[in-house]
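In what follows, a single structure is set out as structure tokens and then discussed.
Read the figures in this text as sums done on the coordinates, not as results from a lab. Just so it is clear, the model here is predicted, and its values are computed rather than measured. Counting neighbours? That spans all protein chains shown, and the Cβs are built from the backbone with ideal geometry, glycine included.
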Amino acid sequence: MQDKKRTILIIDDDIDFIQQLQLSLEAAGFSVRPAYGEKEAEEALKEGRPDLVISDLMMEHQDGGFVLCHRIKRQDPTIPVILTTAVTSATGLRFDTITADERSWVKADAILAKPVRFEQILREIRRLLPEAQ
Amino acid sequence: MTDTLRVLIVDDEPGMRLAAERTLRQLEVEFPDLEMKLGFDIRMAASGEEGLEVVDSFSPQLLLLDHKLPGLSGLEVLDRLASRKVDLLTVMITAYASLETAIRATKLGAFDFLAKPFTPEELRMTVRKASHHYLLQRRADELAREKRQIRFQFLSVLAHELKAPLAAIEGYLFLLKDLPAGMEPAAYAKVVDRSLLRIDGMRKLIFDLLDLTRIESGQKKRELVELDLADIARSCLETVQPAAAARQITMVFEPAGPLLMTADRGEIEIILNNLLSNAVKYNRDQGRVTLGLTREDGRVWIRVRDTGIGMSPEEVGRLFGEFVRIKNEKTRNILGSGLGLSIVRRLARLYGGDVAVESVSGEGSTFSVWMEPACESGPPAGAEPVV
């Protein structure tokens, strides 16, 4: 039973964001590996393949999330990645993965603007991991 | 560098216009206090009506305006300019300056008067004075705008810093409310602990903010009396002792004896409490905090050394800014307002001193505050209010 649990890697420098998402995802039946920044994320990725990654955009580096997405996809293009960012609510800048041009450089399968509701994340997870019900 | 000031001359006598133009075209004035050299770009108009049109198209910064004009009078022109809120300085040219005209013109915003007939030298002096006033005014406006900008930035960061803990606590409360199966005891404890920590952080931010506004506004009356810093240090050490003991951090303070200085007790306490609580917060378990108080070369020095996580040179460079918190995996669980060191710096400067830090990443940091014991000035000119 435990073995069947899908593992989600959450990368964020906001400890409370991770904590809350982790509890919600665990209650929804997922296993969660938290990583509190880019460095820890690299280590976690070496430890094993997550079924899905949820990463913040701006951490130690302003574009840390973009760089991580690239690395993850280069390593294994089949791992779905969700990028979460407060940049839109803070600056009005908008990123998306709708046009081909955006998809060519944003290597994420979905981008969610913070503050993000749990149902939104869960919907994206279920879309990207169809067999995870 | 030579700047150009746009000048409009409104006079119905062609001879006057020509003479004035000739004088000013050649003129170059220097303002050493503004580090500026000034030349003039000149337009002319023969009537008030034409003058108003040129004001619109040319946006002059200086207006030489004859009072006695065929159509609109000089005063009427001034009146219309006042309602348009244009950024220009007016010098009235009057053949006979009646007191009544002068008063009305001044009320309408005229800066100066030039009596007809005038010599080229009188014109040069008047234009020089008016230009100087105009440029000073503009410089002051720019400074005020910059200050507003800084204040706005401070307030928007502050708003963010106050919103963040609220959002975190709200998130935890929703979790407690919504998780259908309830929570395991360990998870429950974590949720409560993190919420309390964020509330603590918010309270600290509000207290620090009050300290900062009190320093800035100068509203709090400073009570400068002779104090024994060693005495104050002992009571501040007692304040942080519980937090240190909880993590087996040793506090070391060996004063050579009393250290007397004329200062405000509250301000010295804020400095010591900030430095000591930082030294505990950013220390390792079983670490050590050493407090030193000395008088060297007539200055009073407070030195607080810790055996904590230290900082990289890049981190040290950013340290004293407002709301700067060094974010890395070692500081993740340490909460602070990001205002403490900025407050320490402002206070040290009130005593003609400052604060500095030496730090080695992974080994620890030493914060040094120095103060001039004789410095009894109020807030220095550089201390601008931030909120």
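The modelled label-to-label distance for the pair B:Lys129/A:Val67, using points 7 Å beyond Cα in the direction of Cβ, is 6.3 nm. Going from the residue with the fewest nearby Cβ atoms within 10 Å to the one with the most, A:Asp13, A:Asp63, B:Asp297, B:Asp112 rank B:Asp297, A:Asp63, B:Asp112, A:Asp13. Around the Cα centre of segment B:2-145, unit charges on the Cβ atoms of Lys, Arg, Asp and Glu (plus for the first two, minus for the last two) sum to a dipole of about 200 debye.
Annotation: the antiparallel percentage among DSSP beta bridges lying fully within segment B:184-314 is about 75. Sorted largest first, the principal axis extents computed over the alpha-carbon atoms of segment B:211-362 equal 43, 34, 29 Å.
By the count of neighbouring beta-carbon atoms within 10 Å, fewest first, B:Thr4, B:Thr213, B:Thr94 end up ordered B:Thr4, B:Thr213, B:Thr94. Residues whose amide H lies under 5 Å from that of B:Leu89, counting only those 5 or more places away or on a different chain, are B:Leu62, B:Leu63; hydrogens are built 1.01 Å from N in the peptide plane.
A crude spin-label estimate for the pair B:Arg25 and B:Arg203, with each label 7 Å from Cα along the Cβ direction, gives 7.6 nm.
The charge dipole of the protein assembly as shown, taken about its Cα centre with unit charges on the Cβ of Lys, Arg, Asp and Glu (plus for the first two, minus for the last two), comes to roughly 920 debye. Which residue, B:Asp193, B:Asp178, B:Asp228, tops the fluctuation ranking in a GNM of chain B built on C-alpha contacts under 10 Å? Largest GNM mean-square fluctuation: B:Asp178. Computed from point charges on the beta carbon alone (+1 for Lys and Arg, -1 for Asp and Glu), the dipole magnitude for segment B:204-305 about its Cα centre is near 360 Debye. Expressed in Å, the radius of gyration and Dmax of the Cα atoms of chain B are 31.7, 96. Between the beta carbons of B:Phe323 and B:Arg295, assuming R0 = 30 Å, the FRET efficiency works out to 0.35 to the nearest 0.05. Look at the alpha carbon pairs under 8 Å that are at least 6 residues apart: their mean separation over the length of chain B gives a relative contact order of 11 percent. For B:Thr250, the residues whose modelled amide H falls within less than 5 Å of its own, excluding neighbours fewer than 5 places apart on the same chain, are B:Gly287, B:Arg288, B:Val289. Shown is the FRET efficiency for B:Glu314 and B:Thr106, computed with R0 = 56 Å from the Cβ-Cβ distance and rounded to the nearest 0.05: 0.45. Which one of B:Gly364, B:Ala263, B:Gly15 has its Cα pushed farthest toward the positive end of the charge dipole of chain B, where Lys and Arg give +1 and Asp and Glu give -1 at the Cβ? Farthest along the dipole direction, towards plus: B:Gly364. Coupling constants for segment A:64-81 follow from the phi torsions by the Karplus curve (6.51 cos²θ - 1.76 cosθ + 1.60, θ = phi - 60°), and in residue order they are x, x, 4, 5, 4, 4, 4, 4, 4, 5, 5, 5, 7, x, 8, 7, x, 10 Hz; glycine and proline get x. Taking all Cα-Cα distances within the protein assembly as shown, those exceeding 32 Å account for 62%.
Here the Gaussian network model covers chain B, with springs between Cα atoms less than 10 Å apart; of B:Leu123, B:Leu143, B:Leu272, B:Leu123 fluctuates the most. Potential lengthening of the chain between B:Asp3 and B:Leu260 amounts to 87.0 nm, from the contour at 0.36 nm per residue minus the alpha-carbon distance. Each of B:Thr119 and B:Leu210 was given a label point 7 Å from its Cα along the Cα-to-Cβ line. The distance between the two points is 6.7 nm. Measuring between their Cα centroids, segment B:38-108 and segment B:231-306 lie 66 Å from each other.
A dipole drawn for the protein assembly as shown from +1 and -1 charges on Cβ atoms has a positive end, and of B:Gly109, B:Gly298, B:Leu237 the residue lying farthest that way is B:Leu237.
In the protein assembly as shown, the DSSP beta bridges split such that about 40 percent are antiparallel, to the nearest 5.
For the protein assembly as shown, adding -39500 (n - 2.57) for each run of n ≥ 4 DSSP H residues and dividing by the number of residues yields -15500 deg cm²/dmol at 222 nm.
Distances between placed amide hydrogens fall under 5 Å for A:Leu112 paired with A:Leu83, A:Thr84, A:Thr85, all partners being 5 or more residues away or on another chain. Of all DSSP bridge pairs formed entirely within chain B, close to 50 percent run antiparallel. Taking all Cα pairs closer than 8 Å and separated by 6 or more residues, the relative contact order of segment B:202-344 comes to 26 percent.
Based on Cα contacts under 8 Å between residues 6+ apart, segment B:2-145 shows a relative contact order of 23 percent. Each of B:Asp33, B:Asp66, B:Asp12 has some number of other Cβ atoms within 10 Å of its Cβ, and from fewest to most they run B:Asp33, B:Asp12, B:Asp66.
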